[in-house]
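Comments concern the structure below.
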Amino acid sequence: MRYAILADIHANLAAFQAVLDDIKAKGGADQIWCLGDVVGYGPDPHQCLELLQSYDHLCVAGNHDWAAVGKIDPVDFNPDAAAAARWTARQLTAEDIAYLENLPLTLSTDDFTLAHGSPRDPIWEYLLSSAAAKDSFRHFQSQYCLVGHSHVPLLFMLNAERDTCLAFGLPADIPLELGGRRLILNPGGVGQPRDGDPRAAYALYHADSRALYHYRIPYDIKTTQRKMLDLGLPYSLASRLSLGL
Ligand code: ZN
């Protein structure tokens, strides 16, 4: 079995489609595991929700998914993100809203726990430091945990004997044998990468060999940016896609 691990699609249909095409070119996946924030920021919230639901998939809720359906107040976002959240809310169908409202905070499947931010605080916490990640290992039971939210591909590895946690980058195209360690993994963001590389990021997990591959995929950034500006979404949100920040 093979699983595609996608986080933070953020209504960026061009990036999402490029990732789906790449998965297909690599032999396909049996299921998509989506780590939340399907919508928010980007120009195609309805289309991305429809496309995701056309695949066998699991999905957890992200902060932007909740903001789009009023489960959290966009006033907690920065002004541009709040403007995009209010715009997103106006684009959703009744089915989109029902789908987003019913997303779970966490899910367990195979040896993995899925959460958007962290297993401790699935909606809001960013796991960007080994100190924060170390604490998070106490908040899930499975061997591995998958998170998104920071849009930065990262691997956190717990050494229980030494009571330490180490953070690593996730180089593209190189197999990571998951092995017997406890790990927290972030595949990076599909629709709005923030690690300085503007290409879409995702991961494929090969369950038979228990190996995870991280990939970076070029997509038509200008198409997404033009759509955003035509629709009146904030310039800053379109501009950052070129930089991957
Ligand atoms: Zn996000």
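Structure data summary
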item	result
Within the chain: Cβ-based charge dipole about Cα centre, in debye rounded to nearest 20 (Lys, Arg +1; Asp, Glu -1)	440 debye
Length released on extending from residue 172 to residue 86, taking residue separation times 0.36 nm less the Cα-Cα span	27.5 nm
Virtual spin-label span in nm between residue 206 and residue 120, 7 Å along Cα→Cβ	3.5 nm
Whole-number percent relative contact order across the stretch 1-67, with pairs defined as alpha carbons under 8 Å at least 6 apart	40 percent
Residue 159 versus residue 110: modelled label distance in nm, points set 7 Å from Cα along the beta carbon direction	2.7 nm
Pairwise label distance in nanometres, residue 97 with residue 51, each label 7 Å out on the Cα-Cβ vector	2.5 nm
Gain upon complete extension [residue 220, residue 26; 0.36 nm per residue less C-alpha separation]	67.9 nm
Alpha carbon centroid spacing (whole Å) that separates the stretch 198-217 from the stretch 6-29	11 Å
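Throughout, read-outs are computed from the coordinates displayed, never taken from laboratory work. No experiment lies behind these values; they were computed from the predicted model shown. When we count neighbours, we look across all protein chains shown, and the Cβ atoms used for this are built from the backbone with ideal geometry, even at glycine.
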